[in-house]
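Here the structure comes first, spelled out in structure tokens, and everything after it is commentary.
The values are calculated or read from the model by the stated rules, or taken from the named source; none is laboratory data. The shown structure was predicted, so the numbers you read here are calculated from the model rather than taken from an experiment. Here Cβ is always computed from backbone atoms with ideal geometry, including for glycine, and neighbour counts include all displayed protein chains.
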Amino acid sequence: MAYALPSINLGSYTFPSGGQLIAWDASISSKEACNQHSIVTGSDGGPAPPRCGTAFTLDGISDLSLTCLSDGETIVGVALNGTQVETCSSVAVDGTYCTDGVELTQTYACVPV
């Protein structure tokens, strides 16, 4: 593989008017991820775009997207240019408060296949 894709964490970044599904390099802490993350999908109160199949960029690597079960919600992996390159598992982690009213909660841990 031409890219040095890091293990990726996925989680919710929630604030009073909505929230976002975000991705960050698993080598940094959740507190650091408050300021160093990529938005996968999000909403400021309106409908959010689909969480799976929507392209995002992380650490300069573009054309990443999430792969999901047929329910369209359960994340099972990360794809690069349509090819699955990481497998994701759900995790239960306490949230991290970033600033007043803003919380980051990890929901998936992904590792290269």
Looking only at segment 51-72, count every residue that is on the phi < 0 side of the Ramachandran plot, over 13 Å from the mean Cα position of the chain (by Cα) and outside any strand (DSSP E or B) and tell me the total. 3
Of the conditions (1) of a type in the set (A, V, I, L, M); (2) at pLDDT below 90; (3) part of a loop (DSSP other than H, G, I, E, B), Ile39 clears all except one; give me its number. (3)
Keeping to segment 86-102, report how many residues are at pLDDT below 95, out of contact with any Asp or Glu (no Cβ under 8 Å at 6 or more places or on another chain) and crowded, with 17+ Cβ neighbours inside 10 Å. 1
I'm trying to understand the selection: among the residues of segment 76-110, which are within 21 Å of Ser17 (Cα to Cα) and of a type in the set (A, V, I, L, M, F, W, C)? Cys98, Val102, Leu104
Restricting attention to segment 25-39, report how many residues are touching a Ser or Thr at 6+ places or on another chain (Cβ under 7 Å) and free of Cβ contacts under 8 Å to residues at least 60 places away in the same chain. 1
